[in-house]
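Asker: Once you've had a glance at the structure underneath, I'll fire off some questions.
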Amino acid sequence: MGIFMAKKKMTGAQAIVRCLELEGARYVFGVPGGAVLPLYDAIYGSKKFQHVLVRHEQGGAHMAEGYARATGEVGICIGTSGPGATNLVTGLADAYLDSVPLVALTGNVARSLLGSDAFQEVDITGITMPVTKHNWLVTDPNELVRVMKLAFHVARTGRPGPVLVDIPKDVQAAEIEFDYDGIEEDEEFKSFKNQAADLGPKIVEAARLIAKAKHPVLYLGGGIHVSNAYAEVLRFAELVNAPVVTTIHGKGAIPETHPLNLGMFGMHGSRYANYAVQGSDLMFGIGARFDDRVTGRLTAFAPEAKILHLDIDLAEISKNVKVDVGLLGDVKAVLPKLTEQVEALYAKGRPDISAWKAQVEAWRKQNPVSYVQPPKEPLLPQKVVDALYQLTQGKAIVVTGVGEHQMFAAQYYKVDYPRQFISSGGLGTMGYCLPAAIGAQLGAPDKMVIGIDGDGSFQMTLQELAVASKLKLPIKIFILNNLYLGMVRQWQELFYENRKSEVLLGDCPDFVKLAEAYGCLGLRCSTLEDLEPTLKKALAHKAGPCIVDVRTKEEESCYPMVAPGAALDEMLGGKQ
């Protein structure tokens with residue numbers, strides 16, 4: 001960093017590249033265009049990070065997300081003005097709802113043309129204001145370096161999220177003085193730091209409620225991955241000895257093979273996990289946001305439970321579910337203090353929760369998440385995911401698209417490691433799987449990355465196969481191909497008197513030929529006999545991407561399911 005200590009004259013575009021280098025960028029995902037030509041000319045000379053030429057800006061945003069989710073670092077993406085910038089919006093919204101740290105850089109028309117409806121001009125800061133943590137339109141070239149430093153600070157500080165920096169073309173071309181180290185962290189920087197709170201009395205009260213609970217349940221969300229608080233959470237869970245349930249983003253917060261872990265709860269969670277939540281007398285949410293997909297009908301959620309909530313975002317505490325004690329702060333910093341208080345109270349005596357644990361285990365045995373695969377009938381998607389889990393020994397990084405396949409993946413692929421399950425949660429973005437898998441593989445080159453996708457979801461961003469092929473990434477995408485928009489079909493069957501309106505995709509395209517056209521290995525299987533050999537061949541392929549068209553039962557539905565407006569214990573399907 002020392003070579004940049006002294007002030008140095010350079011263009012705004014060159015300054016942006018220097019900022020990326022000093023922030024430790026390894027990969028930048030983007031597409032050049034007229035309004036970012038000065039920036040791309042500066043990127044041409046950089047040797048410290050690799051630019052990945054994506055085929056659509058949305059794909060670039062999802063690649064940046066996959067990279068950030070796999071590494072914990074900030075993802076970076078670039079779009080030109082107008083449609084290049086608006087194409088980023090879906091990825092930014094996805095990152096915003098899932099607390100993924102991204103820095104998006106967009107070009108805009110020259111300052112003299114702003115507001116004139118010039119060619120490819122859009123107010124991208126106005127458009128993205130609701131789906132970014134913060135954004136900036138840089139109209140003063142001398143503010144550019146400060147804004148860049150602030151953007152990375154905001155993206156990764158507190159509750160992470162996406163930010164956007166919009167830079168007019170003439171600002172990129174202007175000559176400025178570069179002085180990164182000389183930028184002082186003023187009040188604007190400090191306003192985004194973790195909020196300090198006097199938690200002493202609240203920790204004492206939370207510990208008191210935990211120490212007397214007879215039916216406790218711990219509810220773990222994606223914030224544990226953000227905080228890297230795995231050891232702290234595991235220690236606390238084993239101390240309290242309570243059943244653990246997770247969101248889809250909480251998978252792997254503690255190993256899913258751990259005896260305390262009941263896995264995912266909510267709309268497509270297990271019956272036993274949902275029963276445990278509904279039967280609890282204390283519900284402790286850690287790094288989670290009480291989303292509607294996990295609470296079911298709010299007025300019926302955990303009706304007898306005291307609610308505790310530990311989260312870094314004050315806005316989330318009591319937003320959806322009114323809490324009895326809210327703890328504001330970073331899980332990694334706050335939970336050990338609570339653990340210490342609970343240990344002290346347990347030393348004086350603790351309630352006997354053995355009957356509660358026995359009841360939860362009885363629910364688990366009576367209502368397993370299970371399937372039966374008849375040998376001569378079409379492949380069940382559950383069987384495919386289960387086979388992938390067995391063949392990868394549960395060690396792959398799993399990236400999913402959005403739809404029924406996503407829920408089957410969450411139900412049947414057990415996650416034991418941090419940052420191992422990557423999926424679109426809050427926004428539910430179809431097309432997420434392939435580009436996010438590319439980003440994850442670049443971020444974790446020594447890990448096996450597999451994608452579990454649907455035929456509908458895959459087709460929304462399939463052009464990014466060109467990127468995977470060009471980079472010779474050994475990702476394997478398993479398309480659970482049922483010829484339908486499966487989740488929508490399931491809802492139409494259940495709630496719209498089986499009127500299947502515009503959900504049959506049909507047998508097009510030929511995914512094997514498509515894979516080959518992009519220079520990838522394409523495989524197909526449709527029978528139980530062929531399943532394991534085909535999956536083994538795909539998993540062994542390391543020369544580049546592999547796409548596997550797995551033909552599954554056309555109208556297999558995902559159960560259990562909590563219908564919209566129902567309580568968590570009012571599930572459809574599964575054993576009762």
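Asker: Quick one: is ASP324 surrounded by 14 or more Cβ atoms within 10 Å (Cβ to Cβ) and at pLDDT below 95?
Answerer: Criteria not met by ASP324.
Asker: Quick one: in the stretch 406-426, of everything that is more than 19 Å from TYR230 (Cα to Cα) and among the aliphatic types (A, V, I, L, M), which residue is surrounded by the most Cβ atoms within 10 Å (Cβ to Cβ)?
Answerer: ALA409
Asker: Let me ask you something else. With respect to GLU65, determine if the residue is out of contact with any helix residue (DSSP H, G or I) (no Cβ under 6 Å at 6 or more places or on another chain), in contact (Cβ under 8 Å) with a residue 40 or more places away in the chain and not assigned by TED's automatic domain parsing to the domain that holds ASP313.
Answerer: no
Asker: Could you list, in sequence order, all residues of the stretch 308-327 that are closer than 18 Å to PRO201 by Cβ, within 22 Å of the chain's Cα centre (by Cα) and of a type in the set (A, V, I, L, M, F, W, C)?
Answerer: Matches in the stretch 308-327: LEU310, LEU314, ILE317.
Asker: Considering each residue of the stretch 560-572, count those that are surrounded by fewer than 21 Cβ atoms within 10 Å (Cβ to Cβ), assigned to a loop (DSSP other than H, G, I, E, B) and touching a helix residue (DSSP H, G or I) at 6+ places or on another chain (Cβ under 9 Å), and give that number.
Answerer: 6
Asker: Scan the stretch 469-506 residue by residue and report those that are assigned to a loop (DSSP other than H, G, I, E, B) and either at pLDDT below 95 or touching a Ser or Thr at 6+ places or on another chain (Cβ under 6 Å) (or both).
Answerer: Residue satisfying the conditions is ASN482 alone.
Asker: Here is a follow-up. Consider the stretch 37-59. How many of its residues are out of contact with any Lys or Arg (no Cβ under 8 Å at 6 or more places or on another chain), more than 20 Å from LEU442 (Cα to Cα) and in a helix (DSSP H, G or I)?
Answerer: Counting residues in the stretch 37-59 that are out of contact with any Lys or Arg (no Cβ under 8 Å at 6 or more places or on another chain), more than 20 Å from LEU442 (Cα to Cα) and in a helix (DSSP H, G or I) gives 4.
Asker: Among the helices (runs of 4 or more DSSP H) contained in the stretch 188-242, which hold 2 or more residues that are modelled with pLDDT under 95, under 30 Å from ARG146 (Cα atoms) and not hydroxyl-bearing (Ser, Thr, Tyr)?
Answerer: Fully inside the stretch 188-242 and qualifying: nothing.
Asker: Another question about this same structure. When residues of the stretch 348-399 are filtered for being among the charged types (D, E, K, R) and under 30 Å from ALA211 (Cα atoms), how many remain?
Answerer: 7
Asker: Within the stretch 519-531, can one find any residue that is closer than 17 Å to PRO474 by Cβ, over 27 Å from the mean Cα position of the chain (by Cα) and not in a strand (DSSP E or B)?
Answerer: Yes.
Asker: Those residues that are over 24 Å from the mean Cα position of the chain (by Cα) and closer than 22 Å to ILE254 by Cα, I need them from the stretch 282-301; list them, please.
Answerer: Hit for the stretch 282-301 is LEU282, nothing else.
The values are calculated or read from the model by the stated rules, or taken from the named source; none is laboratory data. Just so you know, these numbers come straight off a predicted model, no measurement behind them. Backbone-built Cβ (ideal geometry, glycine too); neighbour counts: all protein chains shown.
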